[in-house]
Amino acid sequence: MTDWLSVTPGKAPLIVSVPHAGTVIPGDISGLVSHDLARRDADHHVDRLYAFASDLGATIVHSRISRTVIDLNRDPSGQSLYPGQATTGLCPVTTFDGEPLYTIASEPAEAEIERRRAVYFDPYHAALAEQIARLRVLHPGVVLYDAHSIRSRVPRLFDGELPQFNIGCFDGASCNPGLTDAIAADCADDSHVVNGRFKGGWITRHYGQPSRGVHAVQMELAIRGYADEDGLWPSRWDAKRAASMQAKLRTILTTCLDFAKDQK
């Protein structure tokens, strides 16, 4: 554990990755238009939302660094995960809405991007890889669940209102289809989609190797399911909605555990 990265090890065959809930912007990050703007696109409260996962025996890997500093769920080569669609890069220079994050001529240069990768990106992924390897010694199959959320409406990224539950498995490449089918069944009474606008980021695509016993899935929640998206930002935690959402997420993570335990 460091001041920005925490790992809570569990013994169950489930890892919950929380790469985007952080809002910390270190003092050596310069040139930003506004720290408040730089924190706007965080997956607000997702760490709090999934805190119960440790009660299930899951391992939780959580970053407190703002995704504006470096996006831990992007291809480190800089290649777009969604060619032809609006997105943000490894070190974002705009918000989801297209607003500039840096003052003129202050965007991070290649050397600064490499520094941030070494200081933040590489340690986060080393921690994920270490926990996957540890649990694969104990279990024939492991589920890596990458936990995210986003505002319900972001016109630059998608049309209309996002479904409540957005399940991504890189078009079936990152996990056994039985897992996504089971998660989708858990979401049947809510708006949901499998491999819609969000098919899974670099974490899902890089670590998901079902033939080697690692099944990775991304869950992108619409924030409205647990917090108020109107008015003040960041979204205000709504205890009643959050309790209902946590009950649903407990069911989903239990499904992931049951799937992992059934692997031979």
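Bear in mind these aren't lab numbers, they're just calculated from the coordinates by the rules spelled out. If you're wondering where the values come from, they're calculated on a predicted model, not measured in any experiment. Glycine also receives a Cβ, built like all others from the backbone with ideal geometry; neighbour counts cover every protein chain displayed.
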(request) Could you calculate the contour length gain from Asp190 to Ala133, that is, 0.36 nm times the residue separation minus the distance between their Cα atoms, to one decimal place in nm? (result) 17.1 nm
(request) Mind giving me the nanometre distance, one decimal, between the label points for Ala239 and Asp28, set 7 Å out from Cα along Cα→Cβ? (result) 4.2
(message) If I build a Gaussian network model for the chain, linking alpha-carbon pairs within less than 10 angstrom, which residue out of Arg115, Arg236, Arg151 has the largest mean-square fluctuation?
(response) Arg115
(message) Can you compute the FRET efficiency between His35 and Lys11 using 1/(1 + (r/R0)^6), with r the Cβ-Cβ distance and R0 = 41 Å? Round to the nearest 0.05.
(response) 0.60
(message) Could you check the spin-label model distance between Glu99 and Glu112? Points 7 Å from the Cα along Cα→Cβ, value in nm.
(response) 1.9
(message) Taking 0.36 nm per residue of sequence separation and subtracting the Cα-Cα distance, how much length would be gained by fully extending the chain between Ser211 and Thr255, in nm to one decimal?
(response) 13.9 nm
(request) Give the Cα extents of region 116-264 along the principal axes, in whole Å, largest first. (result) 47, 40, 28
(message) To check my understanding: the extent here is largest minus smallest coordinate of the Cα atoms along each principal axis. What are those three numbers for region 1-130, in Å, largest first?
(response) 48, 32, 27
(request) Give me the percent of DSSP beta bridges within the chain that run antiparallel, rounded to the nearest 5. (result) 40
(message) Report D for the chain in µm² per second (integer): Stokes-Einstein, Kirkwood Rh on Cα pairs, 37 °C, 0.692 mPa s.
(response) 177
(message) For region 207-264 and region 134-196, what is the centre-to-centre distance using only Cα atoms, to the nearest Å?
(response) 8
(message) If each DSSP helix of 4+ residues adds -39,500 (n - 2.57) and the sum is divided by the residues in the chain, what number results at 222 nm, nearest 500 deg cm²/dmol?
(response) -8000 deg cm²/dmol
